[in-house]
Amino acid sequence: MPTIGLPKALFYYQHSVLWENFFQNLGCRVVVSSDTNKQILDSGVTLCSSETCLPVKVFHGHVHSLMNRADYIFVPRYTSVRKDEFTCPKFCALPEVTLINLKKQVKLLTIDINANSSQKNMCISLREMARELKLNFEFAVKEFKDAFDKHANHADGIAGRLGSYSASGEREPSIAVLGHPYMIFDEYINMKLIKKLRSRKLAVYFPSSLNYSQIRENAFPYQGRVFWEAGLDNLGSAFTFARYKNIRGIIYLTPFACGVDSFVTELIERRIRHISSMPFIKLTIDEHSGEAGFDTRVEAFLDMVGRT
Amino acid sequence: MKVTFPHMGSLYIAIKVLLDTLNVEYVVPPFSINSLEAGIMNSPEFACLPFKLTLGNFISAIEQGADTVLFGGGCGQCRFGYYSDLHEEILRSMGYNARFICVNSSNMTPREVIQKLKPLAEGRKSRVILKSVLHAVRTILALDRLNGLACHIRCREAARGSTDKVMKEFHSSIERIKGFKAVAELVRSTRNKLRSIELNKVCSPLKIAIVGEIYTCTDPYINQEIERRLGNMGVDVDNKQTISRWVVDHGIKKLFPFEIKNKAHEAGKKYINTDDIGGHGLQTIGNCILSAKAKYDGAIQIYPFTCMPEIIAQNTFGEIQKDYGIPVLTLIIDEMTGEAGYMTRVEAFVDMLERKRKLNPLKKQHMAY
């Protein structure tokens, strides 16, 4: 059976369990790219147009690093994961953009995920994938369902694991870190922020520490309305954490020029002061960010938080 | 009640006609640097430029006494759908209280539009509302046709500047007049004036398509009058993203019981195989392909900095240029865009296209008519 490469970027942080299990059940060998490092970042930056955001550049770097290690690289198309919740346009066009930017030198496998329309497109894409791998379509559907059940029982991948671990102590002083999962859980992109916070004896909360309904209830002003999925997660978490007594401050990590975050952080900043006096800082990261400057800002924020 | 609305190219003329027919009081946001700066100062840093400018429009109009905002809305991946919520939030936290009336742009049946406009019309009959909407639609169609004619004449005129003179006169007198009849009359007389301009019969101008994000493509203030400037360099400009094309796609085509697909949108699926990537991303790709097939000399993509769908479109251009041989220039606009640097790039692009044409004389040339 062929080897499937899973890039450790973007969707991987939430859906690693699903895709790893799915391909293993199909009988394929799965290779996951290594953690993000300088080489991966640099190759991603050279492959993409300069306007592309940092996480997508990093994703390209991961795909590039898998090029010679796998027969196929898996790049799904996430349009919508839940009803009335959309992803950003970069996710909708990810397979094509990756293929074009890598000069068509890789073979991709893709699945369309769109919870907002009928399952027809998903079935078509799954059928195509099964044909490419020379497998029976019904078998692929069955294995997908199995993998999906496993994913649903298992808190969502890395994001879920870290989230549940961190939210253990109820009383210890904590910091909430918000942002897209691929920003806050990638140790290279977040400049080891989580480790730095823990070394200062602070517990860390993430959006994945909260349960789904709690987040959606507090996602002002988009309760029950159409919005971006990541936007709802962060809006809801910010307003939920604002009421937690043991949380000292909220850090929002955003990649430079992120369209979704530009609206979400503004909505949080304008509203959070009406709910509580929770300190809130937005840290912007791109491929030119230096660790020293980043650390200085984090330290200054923590000093300020400690004083209040 | 005093209504205001955002600027977007010549849209304000059509909305003026709409509100005049409904006999509603309104404030046209002033074109001023202060209004722009107020918008930029109070917006998130990475919001796209249209957001900042429309916020600026609202702030200055509210300061002049407006209390109701007429705006569009939508949903999905593009940020435009969520503009009005954030506008409201920002205006409220600045201490302004304005009511928003949002006409949802993604599914506009005539009945829904009338329902949305009811609170504006203050008890007037649905028939009057429908009439005012029809007048507004006819105005915008006529204005865009006039602008297209001006683009066609400008690059072929015998004496440089004659088209600009007519259009300048048109723009200064349109601000003074009211009502559908007067506007239609002015458009007609301007059209006749344009047609009487003497043309240079032997020229074969370069043909360039303007593609990209609709606000930056249609608003001459934002794109630094790219249509006029290119025209004066002797380039025939075809703006693929006009408000009237949008109205036809989202309003008129929806009236039919069957689906009429947007050609550019379908063509764009060749490179991004999905139904929608938000905004006009797929149309931008499709328009580039269609322009190449129609033997245009080049295409210029314009979009505001951080626009998400257009970044995707831009990523595919390398492949399109290779497959179809059409050169594409991408211009990204934000509040820091300087005129000199911007025009240098446009001029260099036009020079390159001219040179390309000289080197390939075999390529079919556009005749004067």
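A short reminder: the numbers here are calculations on the coordinates, not readings from a lab. The structure displayed is predicted, hence computed values, not measured ones. Every residue, glycine as well, gets a Cβ built from its backbone with ideal geometry; the counts of neighbours run over all protein chains shown.
For region B:183-249, the list of trypsin sites (Lys or Arg not before Pro) that fall in a loop by DSSP and count at most 13 other C-beta atoms within 10 angstrom reads B:Lys201. Computed 3J(HN,Hα) for region A:176-189, one whole-Hz value per residue from the Karplus formula 6.51 cos²θ - 1.76 cosθ + 1.60 where θ = phi - 60°, is 9, 10, 10, x, 5, x, 6, 8, 7, 9, 8, 4, 6, 5, glycine and proline marked x. B:Glu354 sits among other residues whose Cβ lies under 11 Å from its own Cβ, and their net charge, with Lys and Arg +1 and Asp and Glu -1, is +1.
Give the cross-link partners of B:Lys178 among the lysines, using a straight C-alpha distance below 26 Å as the criterion and excluding same-chain residues fewer than 8 apart. Partners within reach: B:Lys2, B:Lys16, B:Lys116, B:Lys118, B:Lys125, B:Lys131, B:Lys165, B:Lys168, B:Lys193.
One way to sum up the overall shape of the protein assembly as shown is the equivalent ellipsoid from its Cα gyration tensor, whose semi-axes run 44, 32, 24 Å, largest first.
Report the net charge of residues surrounding A:Thr36, where surrounding means a beta-carbon distance below 13 angstrom and charges are Lys +1, Arg +1, Asp -1, Glu -1. Don't skip to the end; give the middle numbers.
Numbers: positive: A:Lys8, A:Lys38, A:Lys57, A:Lys192; negative: A:Asp35, A:Asp42, A:Asp186, A:Glu187, A:Glu287.
Every neighbour counted, the sum reads -1.
Rg over Rh for region B:34-109 works out to 0.96, using Cα positions for both radii and the Kirkwood form for Rh. Over chain B, dividing the summed -39,500 (n - 2.57) contributions of all DSSP H runs of at least 4 residues by the number of residues returns a 222 nm mean residue ellipticity of -16500 deg cm²/dmol.
Find how many whole Å separate the alpha carbon centroid of region B:332-350 from the alpha carbon centroid of region A:264-308. Cα centroid to Cα centroid, the span is 35 Å. Specify the residue with the greatest mean-square fluctuation among B:Ser189, B:Ser35, B:Ser43, computed from a Gaussian network of chain B linking alpha-carbon atoms under 10 Å apart. Taking springs between Cα atoms under 10 Å, the residue moving most is B:Ser189.
Charge dipole of region A:164-308 (Cα centre as origin; +1 on each Lys and Arg Cβ, -1 on each Asp and Glu Cβ, all else neutral): 660 debye, rounded to the nearest 20.
Can you give the relative contact order of region A:180-308 as a percent, counting alpha carbon pairs under 8 Å and 6+ residues apart?
Values: 122 pairs, mean separation 28.9, N = 129.
The value is 22 percent.
Taken about its Cα centre, the protein assembly as shown carries a charge dipole of about 1660 debye when Lys and Arg each add +1 at the Cβ and Asp and Glu each add -1 at the Cβ. Three principal axis extents describe the C-alpha atoms of region B:181-243; from largest down they are 37, 31, 17 Å. Here, P(r) means the percent of Cα pairs in each 5 Å bin from 0 to the largest distance; for region B:234-369 it is 2, 9, 17, 20, 20, 15, 11, 5, 2, 0.
For region A:1-79, the percent of C-alpha pairs falling in each 5 Å distance bin, counted from 0 to the bin holding the largest distance, reads 3, 17, 26, 25, 17, 9, 3, 1. Around the amide H of A:Val31, modelled in the peptide plane, lie the amide H atoms of A:Ile4, A:Gly5, A:Leu6, all under 5 Å away and 5 or more residues distant in sequence or on another chain. Once you sort the root eigenvalues of the Cα gyration tensor of region B:85-156 as a ≥ b ≥ c, which label holds: rounded (a/c under 1.5), prolate (a/b larger than b/c) or oblate (the other case)? Oblate. Cross-link partners of B:Lys358 among aspartates and glutamates, defined as those whose alpha carbon lies under 13 angstrom from its own and excluding same-chain residues fewer than eight positions apart: B:Asp297.
Springs between Cα atoms under 10 Å define the GNM used for chain B, and in it the highest mean-square fluctuation of B:Thr330, B:Thr274, B:Thr306 occurs at B:Thr274. Sorting A:50-58, A:280-288 by average packing, meaning the other beta carbons within 10 Å per residue, from highest down gives A:50-58, A:280-288.
Charges on Cβ only, +1 for Lys and Arg, -1 for Asp and Glu, centred on the Cα centroid of the protein assembly as shown; of A:Ser276, A:Ala238, B:Cys307, which one is farthest towards the dipole's positive end? Result: B:Cys307.
Note down the magnitude of the dipole of region B:204-354 about its Cα centre, charges +1 on Lys and Arg C-beta and -1 on Asp and Glu C-beta and zero elsewhere, to the nearest 20 debye.
Working: 15 positive and 21 negative charges, 124 e Å.
With Lys and Arg at +1 and Asp and Glu at -1, about 600 debye.
Restricting the calculation to alpha carbons of chain B gives Rg and Dmax of 20.7, 66 angstrom.
Please list, or write none, the aspartates and glutamates whose alpha carbon is within less than 16 Å of the alpha carbon of A:Lys57, excluding same-chain residues fewer than 8 places away. Filter leaves A:Asp35, A:Asp42, A:Glu96, A:Asp186, A:Glu187, A:Asp286, A:Glu287.
Which pairs break 20 Å Cα to Cα here: A:Lys120/B:Lys253; B:Lys207/B:Lys295; B:Lys295/B:Lys356; B:Lys270/B:Lys293; A:Lys83/B:Lys269? Walk me through the numbers on the way to the answer.
Details: A:Lys120/B:Lys253 26 Å; B:Lys207/B:Lys295 8 Å; B:Lys295/B:Lys356 13 Å; B:Lys270/B:Lys293 14 Å; A:Lys83/B:Lys269 24 Å.
Among A:Lys120/B:Lys253; B:Lys207/B:Lys295; B:Lys295/B:Lys356; B:Lys270/B:Lys293; A:Lys83/B:Lys269, the Cα-Cα distance tops 20 Å for A:Lys120/B:Lys253; A:Lys83/B:Lys269.
Note on region B:193-284: dipole from Cβ charges, positive end direction compared against B:Val237, B:Pro205, B:Ile222; the farthest Cα belongs to B:Pro205. Helical content of chain A, expressed as a calculated mean residue ellipticity at 222 nm, amounts to -15000 deg cm²/dmol (DSSP H runs of 4 or more residues, -39,500 (n - 2.57) each, divided by residue number, nearest 500).
I'd like to know which of B:Ile153, B:Leu143, B:Val133 lies farthest towards the positive end of the charge dipole of region B:115-179, counting +1 on Cβ of Lys and Arg and -1 on Cβ of Asp and Glu. Sorting the options by dipole projection puts first B:Val133. Note on chain B: with a GNM built from Cα contacts shorter than 10 Å, the maximum mean-square fluctuation among B:Ile222, B:Ile15, B:Ile197 falls on B:Ile197. Evaluated at q = 0.11, 0.24 Å⁻¹, the base-10 log of the normalised Debye intensity for region A:213-300, with identical point scatterers placed on the Cα atoms, takes the values -0.32, -1.22.
Of the GluC sites (Glu not before Pro) in region B:84-180, the ones in a loop by DSSP (not H, G, I, E or B) with at most 16 other beta carbons within 10 Å are B:Glu122, B:Glu175.
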